[in-house]
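J.: Quick one: the structure is below, and I'll ask about it shortly.
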Amino acid sequence: MTIMTRSLLGRAGPALFLASAMVLPAAAADRRQSFEVSASVVRGCVVTAEAGGRWGAISLGTVNGLPGTSATGTLLSGGVAGLALSCTPGTRVNVTADAGDHAVAGQRRLQRNGGNEALGYALYADGGTTAWTTQAVTLTFADDVARRMLPVTASATLAQAMPAGTYTDTVRVTLTF
């Protein structure tokens, strides 16, 4: 019995096989590619808020309602004095406060809950002795600083006798950077 076989590669077969084997590693190297990962950091600022989203509160304490009585208080936010500002390092931020809900002719006033009586008061920012009206307080964050405190105080002096009660106002603060 005779079995006949014939190579499909013929005489050129071994040379082609070796040549194709040498090409494969180079082809695998060509399949490796890369991609880039990037991020852009933009300037930004936030104020650390207390529970409920409030930026803090100033209590002028309890005073008698007699003329000439004075009271002062400091903004406390999360147990810390002042507005806690966090900004991208290198940012310059302008902090403004509006005149409040009960202002008359630009004068901030605390209004008695359930009444119309009002008590004038002033805000002071960043250790200043000039009343902080609606003008901006400018803070610059150095390239290695991301958090600063902005001290805010309030003071009031009763110009006349005031009825007992709780007097309140709400002031909105805006950050521009």
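J.: For region 121-177, what are the residues that are of a type in the set (Ser, Thr, Tyr), surrounded by 11 or more Cβ atoms within 10 Å (Cβ to Cβ) and either part of a strand (DSSP E or B) or without any contact (Cβ under 8 Å) to a residue 12 or more places away in the chain (or both)?
T.: Of everything in region 121-177, those that are of a type in the set (Ser, Thr, Tyr), surrounded by 11 or more Cβ atoms within 10 Å (Cβ to Cβ) and either part of a strand (DSSP E or B) or without any contact (Cβ under 8 Å) to a residue 12 or more places away in the chain (or both) turn out to be Tyr124, Thr138, Thr140, Thr153, Ser155, Thr157, Tyr167, Thr168, Thr174, Thr176.
J.: Pick from Arg92, Arg108, Arg112: which is under 21 Å from Gly127 (Cα atoms), in contact with a Gly (Cβ under 9 Å, 6 or more places away or on another chain) and charged (D, E, K, R)? Even if it seems obvious, please write down each step before you answer.
T.: Details: Arg92 fails: in contact with a Gly (Cβ under 9 Å, 6 or more places away or on another chain); Arg112 fails: under 21 Å from Gly127 (Cα atoms).
None of the others qualify; the one that does is Arg108.
J.: Next question. Name the residue, out of Thr166, Thr153, Thr157, that is of a type in the set (Ser, Thr, Tyr) and under 20 Å from Leu85 (Cβ atoms).
T.: On the way: Thr166 fails: under 20 Å from Leu85 (Cβ atoms); Thr157 fails: under 20 Å from Leu85 (Cβ atoms).
Of the residues listed, the single one that is of a type in the set (Ser, Thr, Tyr) and under 20 Å from Leu85 (Cβ atoms) is Thr153.
J.: Only residues in region 60-74 that are touching a residue at least 12 places away in the same chain (Cβ under 8 Å) and on the phi > 0 side of the Ramachandran plot count as the first member; pair them with residues that are surrounded by 10 or more Cβ atoms within 10 Å (Cβ to Cβ) and of a type outside the set (S, T, N, Q), Cβ under 9 angstrom, at least 6 apart or cross-chain, and list the lot.
T.: Partner pairs satisfying both residue conditions: Gly61/Ala71; Gly61/Gly73; Gly68/Leu158; Gly68/Ala159.
Bear in mind that the values in this text are calculations on the coordinates, not laboratory data. These numbers come from a predicted model, not from an experiment. Cβ coordinates were reconstructed from backbone atoms using ideal geometry, including for glycine residues, and neighbour counts include every protein chain displayed.
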